[in-house]
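Notes to accompany the following structure.
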Amino acid sequence: MQLNTTIARQIVARTMKIIKHSVNVMDSDGRIIGSGDPRRLHQKHDGAILALNNHHIIEIDHATAQQLQGVKPGINLPIIFQQQAIGVVGISGDPDDVRNYGELVKMTAELIVEQAALMTQVEWHKRHREELVMQLINDTNLDDVQLTTIAERLEIELQQPRIATIIKVLPQDGAAFSLENLQHLVHLLEYPERDNLVAISSVSRNEVVVLKPITVTDDGWSRELEQKRVYKLLKRIGKEANYSIKIALGDYFPTIHGLAQSYLTASATMEAALNSHQYTQQQVFFYQDHILPVLLNQIKAEPWRYQQLQAPLKKLHDHDPRGSLIKTLTAFFDQNCDLAQTCQVLHIHRNTLRYRLDKIEQITNLKINKISDITRLYLAVISQS
């Protein structure tokens with residue numbers, strides 16, 4: 001740990017609120033890097049060098065001050081961190097007047113140093129956890145031994161099954177994107193501790209990547225538990241926050257190298273959700289619920305394929321300006337092609353539904369009871385933007 005000007009300023013500001021004398025902070029070379037008297041900054045302080053060399057308190061009276069460079073009467077105390085003198089804190093004034101303040105100022109300085117060292121360690125730990133997350137989701141060319149070594153140093157259990165989750169922060173009411181929103185979200189994900197591995201995405205500035213621990217049984221991973229956790233997070237964010245979020249959870253793939261695949265499914269799910277008007281109000285997306293829309297999303301990159309896929313719906317639009325046929329077809333698929341449930345949802349008679357389905361067949365020239373035709377209609381509906 002080394003003293004720097006930021007820490008030195010904190011020491012000066014904090015201690016001079018306690019005592020009415022000027023305080024100086026010198027680094028390990030005896031140079032003044034913080035002072036209640038800015039004119040003394042960057043000067044060499046011979047008294048500090050003596051305190052550093054001897055690890056003792058050095059008192060300087062008026063006579064001694066005349067013989068040393070950069071020195072005024074006062075008392076100089078070494079700042080000790082992990083049994084090493086890393087700098088000196090000095091109080092200007094007659095030694096008899098400031099002596100009683102010495103230990104108080106020294107203790108305050110050392111507490112500030114310890115706090116700064118702890119924060120540095122926390123930041124180091126956080127930064128390296130984020131780097132590990134990025135390595136895992138990008139499947140960086142690290143072998144298992146290297147990954148295990150890094151994880152052990154960070155006290156992370158790599159064998160814990162996890163799924164990748166992407167959380168996108170969306171400012172509300174036209175507000176500009178704020179880094180504070182992102183930091184607030186990261187804090188909610190990390191505390192209370194749930195063994196989440198969290199990193200701000202390197203792909204998009206308003207995305208957070210989370211490698212969430214999951215419970216895996218013979219029947220697969222516990223989606224219900226993750227759903228409860230997700231809704232708890234939404235509740236903790238609350239309605240008063242000036243941002244909203246969308247969450248996409250990927251699928252589970254065994255081994256640590258499966259995390260990259262899990263991330264791809266989460267990323268594709270988020271992209272499909274943002275590209276579809278059907279999901280404007282929805283906040284949470286599980287890949288398993290949207291496999292076909294996710295897989296079909298990329299078809300839009302090839303316009304001719306997408307136009308061919310949407311051709312039956314275009315015919316319906318042309319012949320049904322009010323959109324009742326497409327609304328009926330969508331509800332029919334939403335109810336898994338169950339006629340009774342579709343009638344109930346649409347509040348129509350069974351004969352009305354039958355008439356509309358027949359009309360759809362006439363317009364599109366596709367048969368509802370033919371597997372290839374109904375599949376085309378279904379894919380057209382779920383892929384429409």
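Please arrange Asp251, Asp29, Asp139 by counting, for each residue, the other beta carbons lying within 10 Å of its beta carbon, fewest first. Provide the component values of the computation, followed by the final result.
Values: Asp251 19, Asp29 12, Asp139 15.
Ranked by crowding around the Cβ, least crowded first: Asp29, Asp139, Asp251.
Place a +1 charge on the Cβ of each Lys and Arg in the chain and a -1 charge on the Cβ of each Asp and Glu, then give the dipole magnitude about the Cα centre in debye, rounded to the nearest 20.
Numbers: 41 positive and 43 negative charges, 366 e Å.
Dipole about the Cα centre, nearest 20: 1760 debye.
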Under a cut-off of 17 Å between alpha-carbon atoms, report the aspartates and glutamates in cross-link reach of Lys315, not counting same-chain residues fewer than 8 places apart.
-> Asp358, Glu361, Asp373
Taking the convex hull of the Cα atoms, report for segment 255-385 its projected area averaged over all directions, in nm².
-> 9.6
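From the alpha carbon gyration tensor of segment 29-184, can you work out the equivalent ellipsoid semi-axes (sqrt of 5 times each eigenvalue) and give them in Å, largest to smallest?
Details: eigenvalues 481, 91, 34 Å².
Three semi-axes, in Å: 49, 21, 13.
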Here FRET efficiency (C-beta to C-beta, Glu152 to Lys359, R₀ 51 Å, nearest 0.05) is 0.20
Filter on Lys235/Lys300; Lys246/Lys300; Lys246/Lys314; Lys232/Lys300; Lys235/Lys327; Lys126/Lys212 - keep pairs with C-alpha separation over 26 Å | Lys235/Lys300; Lys246/Lys314; Lys232/Lys300; Lys235/Lys327
Neighbour-limited loop hits for trypsin sites (Lys or Arg not before Pro), segment 167-233 (at most 14 other Cβ within 10 Å; DSSP other than H, G, I, E, B) | Arg194, Arg205
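Using only Cα atoms, what Kirkwood radius does segment 160-298 have, in angstroms? The partial results should precede the final answer.
On the way: mean 1/r = 0.0651 Å⁻¹.
Its Kirkwood hydrodynamic radius stands at 15.4 Å.
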Segment 355-385-segment 1-72 distance, computed between alpha-carbon centres (Å) = 83
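Return the Rg/Rh value of segment 50-118, two decimal places, where both radii are evaluated on C-alpha atoms and Rh is the Kirkwood radius.
Ratio of gyration radius to Kirkwood radius: 1.00.
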Quick calc: nm separation of the 7 Å Cα→Cβ label points for Thr352 and Ser324 -> 0.8
Exposure proxy check: Met16, Met270 ranked by fewest other beta carbons within 10 Å?
-> Met16, Met270
Give a quick list of GluC sites (Glu not before Pro) in segment 187-248 that DSSP marks as loop, anything other than H, G, I, E or B, with at most 15 other Cβ atoms within 10 Å.
-> Glu193, Glu240
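Write out the trypsin sites (Lys or Arg not before Pro) in segment 1-87 meeting two conditions: DSSP loop, and at most 14 other Cβ atoms within 10 Å of their Cβ. Could the numbers behind the result be given before it?
Values: sites: Arg9, Arg14, Lys17, Lys20, Arg31, Arg39, Arg40, Lys44; in loops: Lys17, Lys20.
Here the sparse-neighbourhood loop sites are Lys17, Lys20.
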Quick one: what does P(r) look like for the chain with 20 Å bins over all Cα pairs, in whole %?
-> 22, 32, 26, 13, 7, 0
Roughly how many nanometres apart are two label points built 7 Å out from the Cα toward the Cβ at Tyr191 and Arg305?
-> 4.7
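Read-outs throughout are calculated quantities, based only on the coordinates presented, and are distinct from any laboratory measurement. Just so it is clear, the structure is predicted and the values come from calculations on it, not from any experiment. When we count neighbours, we look across all protein chains shown, and the Cβ atoms used for this are built from the backbone with ideal geometry, even at glycine.
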